Structure formats: structure tokens, C-alpha cells
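Below you'll find the structure, written out as C-alpha cells, and then a few comments.
The values are calculated or read from the model by the stated rules, or taken from the named source; none is laboratory data. Everything quoted here is computed from the prediction, not taken from an experiment. All Cβ positions, even for glycine, are placed from backbone atoms using ideal geometry, and neighbour counts span all protein chains on display. For accessibility, only protein heavy atoms count, side chains too; no ligands or nucleic acids. Shrake-Rupley method; radii C 1.70, N 1.55, O 1.52, S 1.80 Å.
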Amino acid sequence: MRLINRNTDYAIKALLHIAGNSSGRFPVSGLSDVLKIPHPFLRKILQVLQKEGILLSSKGKGGGFALAIPPKRIYLTDVMKIFQGSLELDHCLYRKELCPDIKTCPLRRKILSLEKRFVQELASITIQSLLDDKP
């Protein structure tokens, strides 16, 4: 099970860097170098975040990406949903089809209970709280 995919990981790293530095706008090339993320891949991720209203972008000299909203309002779960869809742990598959016991399985009920608590915990994490926890 993978909790966070590569796109989400890169998006969070970029958001943390932008939020943690008050240098104004960050060009993709600068972020790419600092974060060691391939330039075209990072550009696509930042464009998605801009389209979703999390980042602002401007072109030309002095252009780049900046936060559109304060880091205390950017939730980890929102970023995860953008790049991964809904947060679910209960992918009950039996071979390549849904398990026939999906409605009666006691393990699934337990996993759903864990998932609910897990998502509630994740929902409290913001970019600002991750910055505050940095050593």
C-alpha cells in the first residue's frame, strides 16, 4: 500500500519550499534545481496546483509560482485528492474482481473504521503545520 504517490510528494515538497521562503515568486527552473525534480514533471504539477487555485503564476522576468492562499489553509488531504483522487484504504479485490463478501466481511468493517480515523488525522495537517514541525 502506498499512501502518497510521486505527484503528491513532489507537490508537497514544492509547496513547502514556496511557503517556507518569502522570496516572492519561484520559477520552475529554480524549484527544479533545489528540489531535484525533473523540470517538465514539476512544471506540470505546479500547473495543476495553479489550476486548482493553490498557486498563482506569472510569466516573464521575475515571474514564477507563488501561493494563492495562506499555507495554513492548504490541507494535505486537498493536495492528495488533487493528485490521487479520494482517499480510500478499502480496495477489497479478490483477484481482479470485487470480493463477493464485500458487504459482510469483518476485516473490511475494521479497515473502514481505521480509514475514517486515519483520514480525520490527515485532514488536520496543513502545509503550515508541516513547516512548523520542521527540525
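Here the gap between Q84 and S129, fully extended at 0.36 nm per residue and compared with their Cα-Cα distance, gives a gain of 14.1 nm.
Helix 39-51 and the longest principal axis of the Cα set of the chain meet at an angle near 80°.
Applying 1/(1 + (r/R0)^6) with R0 = 41 Å to the Cβ-Cβ distance of L35 and K103 gives a FRET efficiency near 0.35. Only protein atoms count toward the accessible area here, which uses a 1.4 Å probe; on the chain, the carbon and sulfur part of that area reaches 53 percent.
Heavy-atom accessible surface of region 19-73, averaged per residue, reaches 61 Å², computed with a 1.4 Å probe. The HN-Hα couplings worked out from phi for region 56-71 by the Karplus form 6.51 cos²θ - 1.76 cosθ + 1.60 (θ = phi - 60°) are 10, 9, 9, 9, x, 4, x, x, x, 10, 9, 5, 8, 9, x, x Hz, whole numbers, x standing for Gly and Pro.
The ratio of the alpha-carbon radius of gyration of the chain to the globular-protein estimate 2.2 N^0.38 Å is 1.27.
Estimated from the Cβ-Cβ distance and a Förster radius of 35 angstrom, the FRET efficiency linking H17 and K116 is about 0.65.
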